[in-house]
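**Q** Would you mind keeping the following structure in view while I ask a few things?
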Amino acid sequence: MEIHSRTNAVRPRVGLLYDERMCEHAKPPEDTEHHPEIPNRIKAIWSRLESANIPQRCLVMKAKEAEDKYIGLVHEQKYIDLIKSLRSKTDSQRKIIAEDFNSIYFNEGSSQSAYLAAGGVIEVAEKVAKGKLDSAVAIVRPPGHHAEADEALGFCIFNNVAIAANVLVNEKPELGIKKILIVDWDVHHGNGTQNMFWEDPRVLVFNVHRHDFGEFFPAGDDGSHVMIGEGSGTGYNVNVPWEQGECGDVDYFAVWDHVLIPITKAFNPDIILISAGFDAAAGDTLGGCFVTPNGYSVMLKKLMAFASGRIVMALEGGYHLKSLSKSVLACVEALLEDRPITGSSKSDASPLESTWRVIESVRKELSKYWPMLSGELPNTTQRISLVEELQSANRFTSDTQATPPSVKVCNSITISTSEASPLCKETKNLQIKRKSISFTEIKTLEMDGSEDVESSGGDRAWKILSQKLWDSENSVKALKEDLKKEQEKVKRLENSNSDLKTEKEISLKEVESLKKESAIYIEQAKRMKKQICSQNHVINQNSDKMMQLIENNKAQQQLLSFICSALEMRISAEQQRCNILEKKLLFADKQVASDMTATTPAGDVCTYISTPQAILLEKQLHFATVEVLVPVGILMSTMTSTSLQTPSTKRKSISDCEEMTPEDDGPEKKRCKTINNDNLITVLVEDLKREQEKVLNLGKSVAAESSLKDLALKEVELLKVESGNYTRDVVNLQNQISKLKAVINQTEAEVSKLKIEIVNSQKEQKLVSSLKKQNLSEQKKCKELEQICSLAEEIFDEFQSDYMRFQSRMETVFRKDETTEQKERKVKKVLKGVRLRLDNKRGKTRRKRKCTQRRKPEDKNMVEG
């Protein structure tokens, strides 16, 4: 915190916090919509304070960024991280984040400004709590009273006042702040501050705001008078919701006198924090109320009577730069005690009827918790109104500090200020200063005439009448000038209306042509979409066919490979079998040619015969170990050969062989061996023939399979060629689809442009209609001004004739030598005649006004004639 030294005092009473770095939070340049929360708000305030030499009498401070631990007292860490990350985001990313919230914009300086605003309010609140300052004003932005724990809302990012209150109560117990009063007089309800202290009895939150039965921002029932807190905080949340706009100083004074001040006396806070929003000020269209700078200073002065004057004001809303800067200046002067309290709830104007209804319902709701509110309100019917004070002057005024509901003009024309407000803006606060002759002036003339008729009575009447005539002439001239200006405006509006009509016709023609073009483009897009759908269908069908062909190809390749492997195995097996048969034939020839008595080794026989024969030989020859090698083909042949023998033959041959012993080496034994050899040879020959036939058949089958394999390979090649063609077709179709998509995107962009142009043309049509309405209203104003001028001219003529008559009478009175009594009597007669004529004139003007009102009904938005 930088502190500028001062020369006029060692320890200033009032602190001012201002830092231009908070102006870096601004609307992004690509956002073309008007936004009321702009950097010029605090610049205008500071410029106004400097022009009044306020900084030289205060302690001026700069802000430093708040720490995350303090902000985390009321906001969630996830939300704090999001706001902190805004510095590193791009503009498009910040825009997307802002769209998640209501009435918020972000730029690269938003995060720093939010941290500075929160840190600035914490800093001045600590200084006031420590006693280094008596009071302070923090000129900060962005505002904060709408910000929730996890949500930015209504121009607010961090809840500056709620953070400062939590720091004083929870983080700085050594300061001795145990009870805090938060007064939020912004025209919008401080929903965020209310929710953050909903159950805390140490912080009393007071909100006076425009509610409109839940229709005014931020909308909903949170601002209702029945929302008084929960748990231990019940009764410590006070809402005063206006039912409508147009509330002024006296409405706020009534709330202060009958609600806030009694509660504050009972609560007895240690410090008062004010969420000082100035959007209820006169001239601020966002709030629609009429609080004056003097009204804000009076409200602040009444609060300075509590908490030993320890008050911290933090800027919230306020979007009319002139009224905002004037109101802040008035409040700072009140803190410096440069402005005395002026005005009260019974001196400016009477509060609205809805104001008393709201006050009564608030007092009734809170009377359980604040007994001092249980009493009845004072008699609200006997109130002094500004109308009664201004009727004696009989003039139409535009007082900035108190705007009366109605004022008389010339004792004959009554204009409502609520109805005359548009006219006052157009005519730059035109003032009709002419007075009429009142009964009180005539009576004073009659009473004073006896003192010195020659010197005072006539001269005074002469001066009054001349003054009235002069004023009436000036007012008529002013009205004529205003009438000329209004006529010129009407002509300008007519010219602009004609230009707009031509532009409208041109724009309508363009819109029609654009509509036709858009319809053509839409039809083309539809056709293209249909073509794309059909082509996609064809592609899908072709892809399905390709998948089927690929699968068939794979299956055929697998089948061919399996058949080939099986054939190779079969051929190898048959070749082995043929070799074995050849060996057997050779062996048989050797056995036949050799000596019949030679002994055949059992192991060689068993190598080529079946298993049962090997077992038999094992029994006959008593070999210890016999290797039995039985190939598949031999086993099958032996099985077939053995199956040809009958069981009796087999048994006989076996029995014969078993009966023989090794010692029997006779002819029987040789005969048995010869029979067995012959049988074996025949069997082997037959097996050989069958195997040769099988080999021939296998060769034929192999040739057939090879031909099939060649055909399958040809089909595979054809399928590959077809798949290549299909892939080329798919690529071509994909290229066509991409081209069509590009064309569709172009057409969609053109259609969007056409829609934007159509919307612009509709806006132009609305503008033309609004200008037409404005033109009609201006014409009505001109007609009513003409009526006012005609009435003023008639009154002027009557005054002039009265003046001439009175002048001639006075000349006749002072020309002759008469006594003083005679002159007094004549003067009284003249004055009596003047009074009678005035009565007649008032009756005539009233009758004329009634006739005009009957002929033409009143328009509430126009001035009465």
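**Q** Given points 7 Å out from each Cα along the Cα-Cβ axis, report the residue 804 to residue 517 separation in nanometres with one decimal.
**A** 7.2 nm
**Q** Quick one: compute a quarter of the convex hull surface over the Cα atoms of segment 134-241 and quote it in nm².
**A** Mean projected area of the Cα convex hull: 7.0 nm².
**Q** Report, by chain and number, residues whose modeled amide H sits under 5 Å from the one on residue 137, excluding near sequence neighbours (fewer than 5 apart, same chain).
**A** Those lying under 5 Å, H to H, from residue 137 are 15, 16, 17, 313.
**Q** What is the projected area of the convex hull of the Cα atoms of segment 677-759, averaged over all directions, in nm²?
**A** 9.5 nm²
**Q** From the phi of every residue in segment 106-116, what ³J(HN,Hα) in whole Hz does the Karplus formula 6.51 cos²θ - 1.76 cosθ + 1.60 yield, where θ is phi - 60° and glycine or proline is x?
**A** 10, 9, 5, x, 5, 5, 5, 5, 5, 5, 5
**Q** Follow-up question, since we're still on this one. When the Karplus curve 6.51 cos²θ - 1.76 cosθ + 1.60 is applied with θ = phi - 60°, which whole-Hz ³J(HN,Hα) does each residue of segment 748-757 get, with x for Gly and Pro?
**A** 5, 4, 5, 5, 5, 4, 4, 4, 4, 5
**Q** Give me the extension gain from residue 542 to residue 221: residue separation times 0.36 nm, minus the current Cα-Cα distance, reported in nm with one decimal.
**A** Between residue 542 and residue 221, full extension yields 109.2 nm more.
**Q** How large is ³J(HN,Hα), in whole Hz, for each residue of segment 190-199 in order, when computed from phi with the Karplus curve 6.51 cos²θ - 1.76 cosθ + 1.60 and θ = phi - 60°, using x for Gly and Pro?
**A** Along segment 190-199, the couplings run x, 5, x, 4, 4, 5, 6, 10, 4, 10 Hz.
**Q** For segment 61-193, report the convex hull volume of the alpha-carbon atoms normalised per residue, in Å³, without decimals.
**A** Dividing the Cα hull volume of segment 61-193 by its residues yields 103 Å³.
**Q** Strictly greater than 21 Å: what percent of every Cα pair in segment 105-182 meets that?
**A** Pairs farther apart than 21 Å: 28 percent.
**Q** Right, here's the next one. Beyond a 26 Å Cα-Cα separation, which of these cross-linked pairs lie in this structure: 62/322; 95/530; 130/179; 489/755; 501/755; 301/368?
**A** Check vs 26 Å cut-off fails for 95/530; 489/755; 301/368.
**Q** Give me the number: length gained by fully extending residue 353 to residue 285, i.e. 0.36 nm times residue separation minus the C-alpha to C-alpha distance, one decimal in nm.
**A** Roughly 22.2 nm would be gained on extension.
**Q** State the percent of C-alpha pairs, over all pairs in segment 1-137, separated by a distance greater than 18 angstrom.
**A** Counting pairs separated by more than 18 Å, the tail of P(r) holds 62 percent.
**Q** Work out, step by step, the length gained on full extension between residue 21 and residue 92: first 0.36 nm times the residue separation, then minus their alpha carbon distance; give nm to one decimal.
**A** 23.3 nm
**Q** Rounded to two decimals, what is the ratio between the C-alpha radius of gyration of segment 182-328 and 2.2 N^0.38 Å?
**A** The reported ratio for this selection is 0.97.
**Q** For segment 144-191 and segment 494-565, what is the separation of their C-alpha centers, rounded to whole Å?
**A** Centre-to-centre distance over Cα atoms comes out at 57 Å.
**Q** Turning to a different aspect of this structure: Where in segment 176-200 does the amide nitrogen come within less than 19 Å of the point 7 Å from the Cα of residue 149, taken along Cα to Cβ?
**A** 190-200
Throughout, read-outs are computed from the coordinates displayed, never taken from laboratory work. It should be emphasised that the depicted structure is a prediction, and the values quoted were computed from it without experimental measurement. Counting neighbours? That spans all protein chains shown, and the Cβs are built from the backbone with ideal geometry, glycine included.
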